[in-house]
Amino acid sequence: MTQRVASGQTAVKILSRLVMGLLIISLPTAAVGDSRLGAWVDTVIAVEEPSEAAAISRLEANDIQAYFSGSANPEVARRVRRSQALTSVESHGSYAEITFNPVGPRFPAARLNPFAVPRIREAMNWLVDREYITREIMGGTGSPRYLPIGTVVPDYARLADVARTLELRYAPNPQRARSVITEEMGKLGATLVGGKWRFRGQPVTLIFLIRTEDERRQVGDYIAGLLESIGFRVERRYGRAAELGPLWISGDPAAGRWHLYTGSWTSVVTSRDDADTFDYFYTARGLSDPLWQAYKPSKEFDTASKTLAQRRFRTLEERRKLFGRALGLAMQDSARIWLYERISTWPRRADVQLVSDISGGVSGSLLWPYTLRITDRPGGTVKIAVPSMLTDPWNPIGGSDWIFDTTLYNATQDHATLYNPFTGLGMPQRFQRAEVFVQQGLPVTKSADWVTLTFVPSIRVPPDAIISWDAKAQRFITVGEKYPRGLSAKTKAVAYFPKDLFEKSQWHDGSRLSLGDMLLSLIVAFDRAMPASAIFDPSVVPAFESFQETFRGLRIASVNPLIVESYSDSWLLDAEEIAHGAADALWPSCGSGPCPWHTLVLGIRVEAAGAATFTAAKAAKRKVERMNYIAGPTLALLDRQMEAARVENYIPYRPTLSRYITAEEARERWTSLARWRQARGHYWIGLGPFLLQHVAPVEKIVELRRFDRFPDPAARWIGFDEPRIPAVTGRGPASVKIGGEARFDVRITFKGRPYAPSDIAEVKFLTFNAKGGLAATGHAVADDGVWKIVLPPQVTRTLVPGSNRLEIIVVAKVVNKPSFSAITFTTLP
């Protein structure tokens, strides 16, 4: 399962950080753990367990204490409920799809790839019955998903009328699917002989990569059967993540080793703004992996995707229209077809506690390393299991983004900001406060008291702000140099860090966090996208070019205390998210893990020598290994570079960084790193509450140890209770006279008690007539604890006799997950 949020390379990281931000909430601090620094537990042992049933048995036997995988199997949920020794939480951010190989239409050896044709991919939406999958295969633990955005995010509520119209348009229609596919196959030169497709005298064989760890095996078999029923021969290749990953995501799609794959994703944080979804899933700007570099959307779709991702709109209505158009274009493109959303159960022992995310569950929660504990007592060992481990190499720039790997290495990272697990906004972790300045007219709001929001007529970027990088001279280029006449921006964010930041934050090998660490991560983000660089990587160029189009500068206003300013022409709806851009822009996390300068530079030297690369796309193109900082043959390459760097007392990008990294600091770093490598056998060093103590790649075991010099009390983030997800019920007349007024009541509760109207953002409704068409939309009005919906005569007059449906969507302020309900009523003449 690939992680939706944390994927992407460094240029993508900087783009997101220059435009994202978070919200803080006040949390009680427990007395227990106030004096203990870092993690609550002493050790976390992670093992691989691909079987959900076996995992539950191991939990019941106390062989493991938590299973870091969300299950959509109803039997798993029943077993957990029946067991007094176990408990669980639910999440709603996991979803599945079918990924198509878009290359072709011809593969090597004149083999045909029908999915190179967008209309055939689009027709697959009509072929598949999503209701059947969720009802018969998943046993009701999921809901159908048709669109790139899920039904549990705010943008679905904002665009509910567009979304529901598209869902009705792409409802199951096997006859239409067969007709479109037949027409397009004929254009490709294929013929239907005896009900079977043939091309140049050979059967058209589709290689279907089907995952086996969960319900996707059954889903894959179902879809394979549908393809066989319309004339294709299907070669089913079953496998787990580690077996199929090198084919679909790391391998060259033009090699023709697969046609379609059972994909699955987790949005590890509840998204508040999905405007970048299209860029991520449908364009080369999404990821640097070979498959993404093969995406070629239509010009209109590509433009719409980029415009949304860069936030090049000024009003919510303009955004709404563009977003709605992009949804329709995404369905026409269908580089992947969406199938269902999971209601996932995350089981654990009842005496084990941790904070889970309502979207990403336990694995997606950035807070699990800070809150994992045994009944509020410090110390001890917790053994966890994951379905797949060490699936891809770990390196800080282009390493594994499989969720079960990121779950583990996230424990070794610290963050400038952590996400609120219920709202998707965030909480300052290493910075203290922020100021946001926004160009007048942009619809930006704020909620938190740690950020100030000011609207201004214009924003001028200071001439000493960093705007670019000279890869040949190895120095930053300022705004004053590149734009001598000046430069303006739509947003400015200023993040203020504490005075003791560099004193208290330590890398796991004992080195202190420094400005050199921060600046190297920024340099690499620029350098890798520039042809003059020794580590130029073409796969990062599309995302970087998009980033440059809205990036307007980064300025270090003060070093001690650290004050960072960021300037951009991109913006988000929440001032907190804009503030995050400045807070996180320099934080030394390079997209796939922590990156202290002395470990990051080893990989830079290896790649510059042509011996191995950070990213899968470049490794495939150069036919070299992808770097792995924790195991495997590239450790020897890193060893050689470390020895050379120690002898040289090497400082990277010396023309710039020699001002921030002293010769003494370099000597200390190389000495500490050599000791670390000898003691632990790897080069993975972070700032987080756990350090990576031991890796056994063959046995699939990872040992994490508490880092006792972590600066925060263990009890800092344990104050989260359960998310207050609204329950919605509606009542109204069973029949309505056409041309008359219809009134409906909506009750919103949590655990049987009324939901405070002040905690509700909106109650929206959609009215669908007896023919399935959208007849009206509107908002309910609060009235003495009950929300009222009124359909006036001018609306009911447009209805026809028959059964109608009133769909209700409730968006709360305190939990970022819409709730739904529906009322049916009959219209009579």
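The values are calculated or read from the model by the stated rules, or taken from the named source; none is laboratory data. Fair warning: this is a prediction, and the values are worked out from it, not measured in the lab. Quick reminder, even Gly has a Cβ in these numbers, built from the backbone with ideal geometry, and neighbours come from all protein chains shown. We work out accessible area using only protein heavy atoms, side chains counted, and drop any ligands, DNA or RNA first. Shrake-Rupley method; radii C 1.70, N 1.55, O 1.52, S 1.80 Å.
The figures follow:
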quantity	calculated
Total residues in region 661-687, condition more than 16 Å from Leu600 (Cα to Cα), of a type outside the set (Ser, Thr, Tyr) and outside any helix (DSSP H, G or I)	1
Total residues in region 640-660, condition small (Gly, Ala, Ser) and either assigned to a loop (DSSP other than H, G, I, E, B) or open to solvent by 30 Å² or more (accessible area, probe 1.4 Å) (or both)	2
Some residue of region 85-104 being under 26 Å from Glu235 (Cα atoms), without any contact (Cβ under 8 Å) to a residue 60 or more places away in the chain and in a strand (DSSP E or B)	no
Filter result for the condition that a residue is open to solvent by 10 Å² or more (accessible area, probe 1.4 Å) and under 15 Å from the mean Cα position of the chain (by Cα), over Phe422, Phe404	Phe404
For Ala157: the one exception among (1) in a helix (DSSP H, G or I); (2) under 22 Å from Thr266 (Cα atoms); (3) open to solvent by 30 Å² or more (accessible area, probe 1.4 Å)	(3)
Identity of the residue in region 518-554, part of a helix (DSSP H, G or I) and polar (S, T, N, Q), that ends up most open to solvent (accessible area, probe 1.4 Å)	Gln548
Failed condition for Gly719, given (1) open to solvent by less than 40 Å² (accessible area, probe 1.4 Å); (2) over 30 Å from Val810 (Cβ atoms); (3) out of contact with any strand residue (DSSP E or B) (no Cβ under 9 Å at 6 or more places or on another chain)	(2)
Residue in region 756-770 that is most open to solvent (accessible area, probe 1.4 Å), counting only those that are closer than 16 Å to Asp161 by Cβ and not polar (S, T, N, Q)	Glu762
Any hit, region 780-789, residues being farther than 14 Å from Gly732 by Cβ, open to solvent by 40 Å² or more (accessible area, probe 1.4 Å), of a type in the set (Asp, Glu) and not in a strand (DSSP E or B)	yes
Residue selected from region 58-74 under the condition surrounded by fewer than 24 Cβ atoms within 10 Å (Cβ to Cβ) and out of contact with any helix residue (DSSP H, G or I) (no Cβ under 9 Å at 6 or more places or on another chain), by the criterion nearest to Gly719 (Cα to Cα)	Asn62
Pairs with Cβ under 9 Å, 6+ apart, first in region 753-777 and assigned to a strand (DSSP E or B), second among the charged types (D, E, K, R) and open to solvent by 50 Å² or more (accessible area, probe 1.4 Å)	Pro754/Arg747; Ile760/Lys813; Ala761/Lys813; Lys764/Arg158; Leu766/Arg805; Thr767/Arg805; Phe768/Arg805
All positions within region 214-243 that are surrounded by 16 or more Cβ atoms within 10 Å (Cβ to Cβ), touching an Asp or Glu at 6+ places or on another chain (Cβ under 8 Å) and outside any helix (DSSP H, G or I)	Asp214, Val234
Sole exception among (1) open to solvent by 60 Å² or more (accessible area, probe 1.4 Å); (2) touching an Asp or Glu at 6+ places or on another chain (Cβ under 8 Å); (3) without any contact (Cβ under 8 Å) to a residue 12 or more places away in the chain for Thr452, by number	(3)
Yes/no for Lys813 being surrounded by fewer than 15 Cβ atoms within 10 Å (Cβ to Cβ), in contact with a helix residue (DSSP H, G or I) (Cβ under 7 Å, 6 or more places away or on another chain) and either closer than 23 Å to Arg747 by Cβ or at pLDDT 95 or above (or both)	yes
Per-region count, region 387-439, residues aliphatic (A, V, I, L, M), assigned to a strand (DSSP E or B) and at pLDDT 95 or above	3
Any hit, region 277-299, residues being without any contact (Cβ under 8 Å) to a residue 40 or more places away in the chain, in a helix (DSSP H, G or I) and open to solvent by 10 Å² or more (accessible area, probe 1.4 Å)	yes
Test: residue in region 75-84 that is outside any helix (DSSP H, G or I), touching a helix residue (DSSP H, G or I) at 6+ places or on another chain (Cβ under 8 Å), modelled with pLDDT under 95 and open to solvent by 40 Å² or more (accessible area, probe 1.4 Å)	no
